[in-house]
Amino acid sequence: MRDGNCIFCKIANGEIPSATVYEDEIFRVILDLGPASRGHALILPKEHFKDLCEADPATMAKILPLAGKIGMAMKEKLGANGFNVVQNNGASAGQTVFHLHVHVIPRYEGGPVMVSWTPGEEEPKELEKIAEMIKKGL
Ligand code: AMP
Ligand code: ZN
């Protein structure tokens, strides 16, 4: 299903032009218009899913292997030393376009660390409690 008001539906299905690096029946991979680094790519399913919670498992099973393939091409052809695979779900997680997408961000020697956090602290008892809460939702 597509969403007529969704820009990524239009890009993924070729109605709006994009710098496409890969396309098959299920996905289009484009370059991000506001790249975090040189070659920052977005994997867009052609079907509209708002986020990972809505996504079709068969599509999702293919997305990580594709991210790995794109990342390897970035290492081989752009001279990247590594890459981050990032996928945001919900506004509070930084999602700004509500059509599921996976960022593949090439990383270069000496470049800034972009996907990181400051480690916090938690008591083992509290970790157990939190783990139980999550388990109940599975
Ligand atoms: P997110 O914050 O995970 O929702 O990521 C949305 C990404 O889409 C951002 O990195 C934007 O720079 C990128 N973006 C938004 N509109 C376009 C567009 N028309 N073409 C390419 N990238 C886009
Ligand atoms: Zn869409």
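Only one of the numbered conditions (1) in contact with a strand residue (DSSP E or B) (Cβ under 8 Å, 6 or more places away or on another chain); (2) free of Cβ contacts under 8 Å to residues at least 40 places away in the same chain; (3) away from ligand 1 (no atom under 14 Å from the Cβ) is violated by residue 107, and that is (2).
Go through (1) under 21 Å from residue 11 (Cβ atoms); (2) modelled with pLDDT under 95 for residue 33 and report which single condition fails. Unmet condition: (2). Which one of these does residue 88 not meet: (1) under 22 Å from residue 13 (Cα atoms); (2) of a type in the set (S, T, N, Q); (3) open to solvent by 80 Å² or more (accessible area, probe 1.4 Å)? So residue 88 meets the others, but not (3). From the list 36, 12, 41, the one residue that fits, being within 13 Å of ligand 2 (Cβ to nearest atom), open to solvent by less than 60 Å² (accessible area, probe 1.4 Å) and small (Gly, Ala, Ser), is 12. If the condition is being over 22 Å from residue 116 (Cα atoms) and open to solvent by 20 Å² or more (accessible area, probe 1.4 Å), then segment 56-73 contributes 56, 57, 58, 60, 61, 62, 65, 69, 73.
Restricting segment 47-64 to residues that are in contact (Cβ under 8 Å) with a residue 40 or more places away in the chain and not aliphatic (A, V, I, L, M) leaves a set whose member that is nearest to ligand 1 (Cβ to nearest atom) is 51.
Considering (1) surrounded by 10 or more Cβ atoms within 10 Å (Cβ to Cβ); (2) of a type in the set (Lys, Arg); (3) over 30 Å from residue 76 (Cβ atoms), the lone condition that residue 107 does not fulfil carries the number (3).
Considering segment 15-33, and only residues there that are part of a loop (DSSP other than H, G, I, E, B) and surrounded by 14 or more Cβ atoms within 10 Å (Cβ to Cβ), the residue that is farthest from ligand 2 (Cβ to nearest atom) turns out to be 32.
Apart from one condition, residue 5 fits all of (1) within 11 Å of ligand 1 (Cβ to nearest atom); (2) open to solvent by 70 Å² or more (accessible area, probe 1.4 Å); (3) farther than 28 Å from residue 110 by Cα; (4) not aromatic (Phe, Trp, Tyr); the exception is (1). Of the listed requirements (1) more than 8 Å from ligand 1 (Cβ to nearest atom); (2) polar (S, T, N, Q); (3) touching a residue at least 12 places away in the same chain (Cβ under 8 Å), residue 18 misses just one: (1).
The values are calculated or read from the model by the stated rules, or taken from the named source; none is laboratory data. Please read all numbers here as calculations on a predicted model, not as lab measurements. Note: ideal-geometry Cβ built from the backbone for every residue, glycine included; neighbour counts use all protein chains shown. For the accessible areas, the whole protein counts, side chains as well, though only heavy atoms, and no ligand, DNA or RNA atoms are used. Shrake-Rupley method; radii C 1.70, N 1.55, O 1.52, S 1.80 Å.
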